[in-house]
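Have a look at the structure below before the remarks.
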Amino acid sequence: MTVKTMAEYMAEGTEPEVLFWVGCAGSFDQRAQRITKAFVQILNKVGIQFAILGQEEGCTGDPARRSGNEFLFQMMAYNNIQVLNGYGIKKIVTACPHCFNTLKNEYPALGGEYEVIHHATFLQQLINDGRIVMKEGGTFKGKKITYHDSCYLGRANNIYEAPRAVLEAMDVELVEMKRCRTNGLCCGAGGAQMFKEEEQGTTRVNFERTKEAVATGASIIAANCPFCTTMLMDGVKNQEKEDSVQVLDIAEMIAQSI
Amino acid sequence: MSIRRNINLGKEEVFGGDAGLRWKNVLLLAFGQKKMFKRMTPAILHFFVYAGFIIINAEMLEIVLDGILGTHRLFSPFLGVVYPVLLGMFEILALTVLVSCVIFLIRRNVLKLKRLTTGELSGGWPKTDANLILVTEIVLMSLLLIMNACDYNLQQLHAEHYAQTGPFLISQYIAPLFSGLSESSLLAVERGAWWIHIIGILAFLNYLPYSKHLHIVLAFPNAYYVSLEPVGEMNNMKDIQNEVLYAMEPDKAPTEVPADAAMPKFGAKDVMDLSWKSLLDAYACTECGRCTASCPANITGKKLSPRKIMMDTRDRLEEVGKNIDANKEFVDDNKSLLHDYITTEELRACTSCNACVEACPVSINPLNIILELRRNLYMEESNVPQEWMQMSNNIENNMAPWKMSPSDRDAWAHS
Ligand code: SF4
Ligand code: SF4
């Protein structure tokens, strides 16, 4: 695995094609690290010159802002924009829809304007351009798979087809849940819920969602967000279906297919 | 009108962007009721009532003009043979409206659909309001048909003024019910129906401001002013942005702060702190509950209901409006939207998933209100759950929401 930081490119006097924004989950969460590594593996294989910010990257401020702490959001945004603009970054790809939403929609008003792409769209482009070629036979060919729309990629940014196109490129049998696309049900993590106990209710949001996903009879629940992945895995455990149902990010699936 | 004044109590928010796109939204979302068609049965029934309402109002024009000019069926001589056909169409519409309203009543009161009968709709004014309007519609449509039926009977008696238009498509079937009546009784019924119809419509117009049925007017401006930005974007708080900027780069800070500069208030505690669009939203809400039916928090039994957020906002705004009417200006009543209407528990259950925004057929955004109230809770009241406090500390110190060393941020790359 080859990973270079922006500082290293700078020292060499070269520029990467794209900056990979790893995000907090992708950096620290053990499950999400596997997604990060899978995505890097794809980038390496395709031969894309990419950089990470490494220790210069900080939380985008999404959970702070949504919990109500605008001060902290503004501070994080200020620091990140300083770093990004300092390197003259033009294009960013990220595997986290929350980072994607903040970088793409909320940083421009604060002086951070970049072309920001979520990895679902990025992977779809690589497939369309013929740069990602699936291996013979196909790891997931004909497998029954359901896809969970994350709120921040779907409703928040209207991206529904790119991740499905990625799945279709792997020849899977896509079975949709009743609540999909614009009607997709949240995994329960957004709005900083990931970082606190749920309010009193009759069940948990991730249990409700996973029940629906498992009921499709799919053996894999495909996701595009590290938080959804965690939530859905918890849900699968709750249903005692760990042996028959896997939760995978689309990048992990591609990494296993090339 | 006091509704206009009340909406203007909200904070200014400028809605720029492509006017063409905005008109397109009005056409698709308001005229075309695009989002209604996510649920087919109510969409079709509602469309009948909506189309009926608009087209039958054309008939109303004649009815009113007849009243003013003392004529009868003013348009009939001009339209000739087309006239009965036109009236026949009106009658079909009247019947579909009538039937649709009956089905709506059944859905609410017999089938008791969850979305229409639970939570904030389980009783009180919202329930009465909904039923009242359906019954009124049924009565108005029946009157129209009765009026035409008597008219036809009068024609057969060759009563004075009653132009020979022939039988009408639907009302001819109820005409026999009245055929035994004398000319004067028929006249009384026909005139009576006419008067009640007119009075009913006028009463309906006066009733609108107190009802969820205001949406028949406000759905249009609401669709025009719907945000054109991706819904994932939260409103920027310029004051705080600048404060951070001046702290980091003191040379950019204005050297002179105007003495009368008021301390900015963070987020919203009461209706006056919300954007005027949120207040327009509140008046436009039809209380249909599509938002709540799609809300993950509500589905899993949390207290949060986006419909209640909108109804609370409207109720509080009305209360503030009455306060202003009575005192000439707003006099503190020791109440606020936050806490007295909407509780912290409701606010904290929201995942910011935008399902409510997507579901709303009249372009309402309950999430904006929730997030503004949360900002107030956090920044004005420091009313924050312990875990969020910890999360903020971690972000501040470790640049990540977890207790992790920032120097390990790229550790994954070396393992
Ligand atoms: S954004 Fe909040 S209120 Fe709206 S549907 Fe999602 S959880 Fe419910
Ligand atoms: S906010 Fe919209 S979806 Fe919710 S009850 Fe009101 S009109 Fe219906």
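The values are calculated or read from the model by the stated rules, or taken from the named source; none is laboratory data. Remember, it's a predicted structure, so these values are computed and weren't measured experimentally. For neighbour counting, all protein chains shown are included, and Cβ atoms are generated from backbone atoms with ideal geometry for every residue, glycine included.
Candidates in region A:57-70 are the residues that are part of a helix (DSSP H, G or I) and touching a residue at least 12 places away in the same chain (Cβ under 8 Å); of these, the one that is farthest from the other protein chains (Cβ to nearest Cβ) is A:ASP62. Checked against the criteria, B:VAL217 counts as among the β-branched types (Val, Ile, Thr), within 16 Å of ligand 2 (Cβ to nearest atom) and more than 9 Å from every other protein chain (Cβ to nearest Cβ). Taken over region B:108-125, the criterion of being outside any helix (DSSP H, G or I) and of a type outside the set (A, V, I, L, M) is satisfied by B:LYS112, B:THR118, B:SER122, B:GLY123.
Of the set (1) surrounded by 24 or more Cβ atoms within 10 Å (Cβ to Cβ); (2) more than 9 Å from every other protein chain (Cβ to nearest Cβ); (3) aromatic (Phe, Trp, Tyr), all apply to A:PHE73 but (2). When region B:282-321 is filtered for residues that are farther than 23 Å from B:ASN131 by Cα, within 11 Å of ligand 1 (Cβ to nearest atom) and surrounded by 21 or more Cβ atoms within 10 Å (Cβ to Cβ), the ones remaining, listed by number, are B:SER294, B:CYS295, B:PRO296, B:ALA297, B:ASN298, B:THR300, B:LYS302, B:LEU304. Against the conditions (1) surrounded by fewer than 24 Cβ atoms within 10 Å (Cβ to Cβ); (2) more than 8 Å from every other protein chain (Cβ to nearest Cβ), where does A:GLU208 fall short? Just the number, please. All conditions are met except number (2). Within the bounds of region A:188-196, is there any residue that is within 23 Å of A:ILE92 (Cβ to Cβ), in contact with a His (Cβ under 7 Å, 6 or more places away or on another chain) and either at pLDDT 95 or above or within 14 Å of chain B (Cβ to nearest Cβ) (or both)? No. Can you tell me how many residues in region A:219-246 are crowded, with 24+ Cβ neighbours inside 10 Å and assigned to a strand (DSSP E or B)? So the count comes out to 3.
Quick grid of which residues meet (1) in contact with a Leu (Cβ under 9 Å, 6 or more places away or on another chain); (2) within 19 Å of B:GLU62 (Cβ to Cβ):
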| residue | (1), (2) |
| --- | --- |
| B:TRP125 | no, no |
| B:THR128 | no, no |
| B:ASN131 | yes, no |
| B:LEU154 | yes, yes |
| B:PHE168 | yes, yes |
| B:LEU186 | yes, no |
| B:ALA193 | yes, yes |
| B:ILE199 | no, yes |
| B:ALA203 | no, no |
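Only one residue in A:LEU84, A:LEU123, A:LEU103 is in contact with a Gly (Cβ under 9 Å, 6 or more places away or on another chain), buried (at least 24 other Cβ atoms within 10 Å of the Cβ) and away from chain B (no Cβ under 14 Å), so which one is that? The match here is A:LEU84.
For the residues B:GLU59, B:GLU160, the requirement of being farther than 30 Å from B:PRO306 by Cα and exposed (fewer than 13 other Cβ atoms within 10 Å of the Cβ) singles out B:GLU160. All told, B:ALA188 falls short of being among the small types (Gly, Ala, Ser), part of a helix (DSSP H, G or I) and crowded, with 16+ Cβ neighbours inside 10 Å. B:VAL331 falls short on exactly one of the conditions (1) more than 16 Å from ligand 1 (Cβ to nearest atom); (2) more than 13 Å from chain A (Cβ to nearest Cβ); (3) in contact with a Cys (Cβ under 7 Å, 6 or more places away or on another chain), and that condition is (3). Within the span defined as region A:71-79, one or more residues are part of a helix (DSSP H, G or I), free of Cβ contacts under 8 Å to residues at least 12 places away in the same chain and touching a helix residue (DSSP H, G or I) at 6+ places or on another chain (Cβ under 7 Å). For first residues located in region A:110-130 and within 28 Å of B:VAL244 (Cα to Cα), partners that are hydroxyl-bearing (Ser, Thr, Tyr) and not in a loop (DSSP other than H, G, I, E, B) and lie 6+ apart or on another chain with Cβ distances below 8 Å form the pairs A:LEU110/A:TYR78; A:VAL116/A:THR94; A:ILE117/A:THR94. For region A:150-159, the criterion of being more than 11 Å from chain B (Cβ to nearest Cβ) and either out of contact with any strand residue (DSSP E or B) (no Cβ under 7 Å at 6 or more places or on another chain) or not small (Gly, Ala, Ser) (or both) is satisfied by no residue at all.
Being within 11 Å of chain A (Cβ to nearest Cβ) and either at negative phi or touching a Leu at 6+ places or on another chain (Cβ under 8 Å) (or both) is the filter here, so list the residues in region B:291-309 that pass it. Within region B:291-309, B:ALA293, B:SER294, B:CYS295, B:PRO296, B:ALA297, B:ASN298, B:ILE299, B:THR300, B:LYS302, B:LYS303, B:LEU304 meet the criteria. Here B:ASP325, B:ASP312 are screened, and the one residue that is touching a strand residue (DSSP E or B) at 6+ places or on another chain (Cβ under 6 Å), away from every other protein chain (no Cβ under 14 Å) and part of a helix (DSSP H, G or I) is B:ASP312.
Among the residues of region B:271-281, write down those that are more than 14 Å from chain A (Cβ to nearest Cβ) and either away from ligand 1 (no atom under 15 Å from the Cβ) or over 12 Å from the mean Cα position of the chain (by Cα) (or both). Hits for region B:271-281 are B:VAL271, B:MET272, B:LEU274, B:SER275, B:TRP276, B:LYS277, B:LEU279, B:LEU280. Within region B:356-369, can one find any residue that is within 14 Å of chain A (Cβ to nearest Cβ), more than 14 Å from ligand 2 (Cβ to nearest atom), within 22 Å of A:ARG179 (Cβ to Cβ) and not aromatic (Phe, Trp, Tyr)? There is no residue in region B:356-369 that is within 14 Å of chain A (Cβ to nearest Cβ), more than 14 Å from ligand 2 (Cβ to nearest atom), within 22 Å of A:ARG179 (Cβ to Cβ) and not aromatic (Phe, Trp, Tyr). Pairing each residue of region B:340-364 that is part of a helix (DSSP H, G or I) with any residue that is at pLDDT below 95, provided the two are 6+ apart or on different chains, yields C-beta distances under 8 Å for B:ALA359/B:LYS35; B:ALA359/B:LYS38. Just to be sure, is B:ALA219 out of contact with any Ser or Thr (no Cβ under 6 Å at 6 or more places or on another chain) and free of Cβ contacts under 8 Å to residues at least 60 places away in the same chain? It is false that B:ALA219 is out of contact with any Ser or Thr (no Cβ under 6 Å at 6 or more places or on another chain) and free of Cβ contacts under 8 Å to residues at least 60 places away in the same chain. Kindly evaluate A:ALA215 against the criterion of being more than 10 Å from chain B (Cβ to nearest Cβ) and either under 25 Å from A:PHE39 (Cα atoms) or at pLDDT 95 or above (or both). Against the criterion (more than 10 Å from chain B (Cβ to nearest Cβ) and either under 25 Å from A:PHE39 (Cα atoms) or at pLDDT 95 or above (or both)), A:ALA215 qualifies. Residues that are modelled with pLDDT of 95 or more, of a type in the set (Gly, Ala, Ser), under 19 Å from B:SER336 (Cα atoms) and surrounded by 16 or more Cβ atoms within 10 Å (Cβ to Cβ): does region B:251-271 have at least one? Yes, that holds for at least one residue. Residue count for region B:372-407 under the criterion of being assigned to a helix (DSSP H, G or I) and within 7 Å of chain A (Cβ to nearest Cβ): the result is 13.
Under the condition of being in contact with a Phe, Trp or Tyr (Cβ under 9 Å, 6 or more places away or on another chain), over 23 Å from A:GLY190 (Cβ atoms) and at the interface with chain B (Cβ under 9 Å from one of its Cβ atoms), which residue from region A:13-55 is surrounded by the most Cβ atoms within 10 Å (Cβ to Cβ)? Only one residue tops the list, namely A:ILE52.
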